[in-house]
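K.L.:
Starting off with a structure, shown below.
What follows draws every value from the coordinates through simple rules; no lab data is involved. Keep in mind the model is a prediction, meaning the values are calculated, not measured. Quick reminder, even Gly has a Cβ in these numbers, built from the backbone with ideal geometry, and neighbours come from all protein chains shown.
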C-alpha cells in the first residue's frame, strides 16, 4: 500500500480527492472552499490601517488559516515520508526542450533549482519569479475575487457564470505569460 | 469561552464577502480548536498537491505550453466531482454536522473577473503556483517561496488600498 502511495498519483485520483474537499468543507461547517482569502485575512488582522476593504470581522474566517496550515503540514508529510527519494519528475520532452533553451538545467525536482534558491533572491531572477510573481498573485486573485480553488473549483462546481469568466481569464493570463513573457524574461537574463 | 462572540452588522457581513468566495457561512460560534478539523482537511489537500506534483513549476509550464494533459485532467476531474457533490448537497438539502443547513450564494459578475483574473494568471505561470500550491511548496522545503507568499500578501494589501480606484 505504502509503495503505491509513494509513487506519483494519477490525475484522476488527485482530481477526485480535490473535488471531494468541496462537500467535505460544506458538511464540516458550511465553509466554502478557497485559499486566496487567507492573504486578505492576514491584511485584515495585521495591517488593516484605515483601509475599509480590511475592516471586517476576520475572526469569522480563521478557519481558512487552519486549512492553509494543514496544506503546509500535509506537503511536509508527503515530501518527507511519502515520496521515493531521488525520483525524478516526468516532464513532457517538448517542455524540457523549451526550458533548456531558456537556460534551465535542473529537471530533477518539483521546482528547478536554477530559479528557486535563496541565492537568486536579490537578483533580477528573484525579483521577477518571487517578488513580482507574488505581487501579481495577491493583487490579481483579490481583484478577481478568488483563485483557482475559489473560482475554478468551488465557483465552477456551483455553476457560477462569474467563476467561468474568471477561469477563462486565469488561463488566458497564464498562456500569455508562459509563451510570451517568460521567454522574454529568460532572454533578458541570458 | 469562545474566541469570537462578536455579532456582525449587515454591513460587516457584506464587507467580509466583498471580492471573496471562500467564506464561512456558519452562524455558530465555537471554541477555536473546532477549527482543527479544517487543518486535517488541509493536510489531505497538501498531500495531494505534492503527490500529484501539482506544486511543480514544470507542471504549470506544461499546462500553459499545452504539452501535457495532466493539469487539465486534475482540474477537470475536481470540477466534475465538485459539481456533482454540490448538486447532491443542494438536492438533498444536506445539513452540516452541527445541523445547520448548507447555503450557497450567487456571485455577481464584475470586471475584476477579467482584469484581476488576467493578472493572477500571469503570476500563476511565472511562479508556477496558485495560492494553495504556494503554501505546499513552502511546506515541501522550498523555503524561498515564503518570499512569494509575503509578496502575495503585499499584493492583496495594495489591492485593498486602491480598490476604490479600480474598475469593477
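K.L.:
For the range B:51-100, rounded, prolate or oblate, judged on the Cα gyration tensor with a ≥ b ≥ c (square roots of eigenvalues), a/c < 1.5 rounded, else prolate if a/b > b/c?
P.N.:
Values: a/c = 5.37, a/b = 2.72, b/c = 1.97.
Prolate, since a/c reaches 1.5 and a/b exceeds b/c.
K.L.:
Could you calculate the FRET efficiency of residue A:117 with residue A:168 from 1/(1 + (r/R0)^6), where r is the beta carbon distance between them and R0 is 41 Å, rounded to 0.05?
P.N.:
FRET efficiency, residue A:117 to residue A:168: 0.75.
K.L.:
Please report the spacing between the Cα centers of the range B:64-130 and the range A:120-183 in Å, no decimals.
P.N.:
Cα centroid to Cα centroid, the span is 13 Å.
K.L.:
Which of rounded, prolate, oblate describes the range A:22-64, given a ≥ b ≥ c as roots of the alpha-carbon gyration tensor eigenvalues and a/c under 1.5 marking rounded, otherwise prolate only if a/b is larger than b/c? Please report the intermediate quantities before stating the final value.
P.N.:
On the way: a/c = 3.33, a/b = 2.62, b/c = 1.27.
Because a/c hits 1.5 or more and a/b exceeds b/c, the range A:22-64 counts as prolate.
K.L.:
Additional query: Once the principal axes of the Cα atoms of the range A:143-190 are found, what is the range along each, listed largest first in whole angstroms?
P.N.:
That gives 45, 16, 13 Å along the principal axes, largest extent first.
K.L.:
Also, I was wondering about something else. Taking the range A:1-83 on its own, what percent of its Cα-Cα pair distances exceed 21 Å?
P.N.:
Details: 1574 of 3403 pairs.
Tail of the P(r) past 21 Å holds 46 percent of the pairs.
K.L.:
Averaged over its residues, how many other protein chain Cβ atoms are within 10 Å of peptide B:31-38's Cβ atoms?
P.N.:
On the way: counts 0, 4, 1, 4, 10, 4, 8, 14.
Partner Cβ neighbours, averaged per residue: 6.
K.L.:
For helix B:112-127, report the angle its Cα long axis makes with the longest principal axis of the Cα atoms of chain B; keep it between 0 and 90° and round to the nearest 10°.
P.N.:
50 degrees
K.L.:
Over the range A:3-154, what is the relative contact order in whole percent, taking alpha-carbon pairs under 8 Å and six or more residues apart? Before the final figure, lay out the partial values.
P.N.:
Numbers: 84 pairs, mean separation 49.5, N = 152.
After rounding, I find 33 percent.
K.L.:
Can you tell me the FRET efficiency between residue A:1 and residue A:48 if r is taken as the Cβ-Cβ distance and R0 is 56 Å, rounded to the nearest 0.05? Numbers along the way, then the final one.
P.N.:
Working: r = 48 Å, r/R0 = 0.85.
Efficiency computed from Cβ-Cβ geometry: 0.75.
K.L.:
Could I ask something else about it? Under a crude label model (7 Å from the Cα following the beta-carbon direction), how far is residue B:103 from residue A:96 in nanometres?
P.N.:
A separation of 5.3 nm, rounded to one decimal place.
K.L.:
If each DSSP helix of 4+ residues adds -39,500 (n - 2.57) and the sum is divided by the residues in the protein assembly as shown, what number results at 222 nm, nearest 500 deg cm²/dmol?
P.N.:
Values: 15 runs with 198 residues, N = 358.
Rounded to the nearest 500, the figure is -17500 deg cm²/dmol.
K.L.:
Let me ask something else about it. Decide, for chain A, between rounded, prolate and oblate: order the square roots of the alpha carbon gyration tensor eigenvalues as a ≥ b ≥ c, take rounded if a/c falls under 1.5, and otherwise choose prolate if a/b is larger than b/c, else oblate. Spell out each step's value before the answer.
P.N.:
Working: a/c = 1.65, a/b = 1.24, b/c = 1.33.
The shape class here is oblate.
K.L.:
Let me know the mean shielding of B:63-72 by other chains, meaning the per-residue number of their Cβ atoms within 10 Å of its Cβ. Working shown, then result.
P.N.:
Details: counts 5, 10, 9, 6, 8, 6, 2, 6, 2, 3.
Mean shielding count: 6.
K.L.:
Over all pairs of distinct alpha carbons, what does the Kirkwood formula give as the hydrodynamic radius of the protein assembly as shown, in Å?
P.N.:
Details: mean 1/r = 0.0493 Å⁻¹.
This gives a value of 20.3 Å.
K.L.:
Something else about it: What's the ranking of B:43-53, B:115-125 by average number of surrounding C-beta atoms within 10 Å, highest first? Please report the intermediate quantities before stating the final value.
P.N.:
Details: B:43-53: 24.7, B:115-125: 27.5.
Packing proxy ranking, top to bottom: B:115-125, B:43-53.
K.L.:
When you look at the Cβ of every residue in A:40-47, what mean number of other chain Cβ atoms sits within 10 Å? Walk me through the intermediate numbers first.
P.N.:
Working: counts 9, 4, 6, 8, 5, 0, 2, 6.
What the average comes to for A:40-47 is 5.
K.L.:
Relative contact order of the range A:1-83, please, whole-number percent, based on alpha carbon pairs below 8 angstrom and at least 6 residues apart.
P.N.:
Numbers: 32 pairs, mean separation 25.5, N = 83.
Relative contact order for the range A:1-83 comes out at 31 percent.
K.L.:
Moving on. Below 8 Å between Cα atoms, with a sequence gap of 6+, how large is the relative contact order for the range B:2-101 in percent? Don't skip to the answer; put the middle values down first.
P.N.:
On the way: 28 pairs, mean separation 16.6, N = 100.
Result for the range B:2-101 is 17 percent.
K.L.:
Same structure, new question: Once you place label points 7 Å from the Cα toward the Cβ at residue B:91 and residue B:32, how far apart are they in nm?
P.N.:
4.1 nm
K.L.:
Describe numerically, in nm with one decimal, the distance between label points set 7 Å from Cα along Cα→Cβ at residue A:159 and at residue A:80.
P.N.:
4.4 nm
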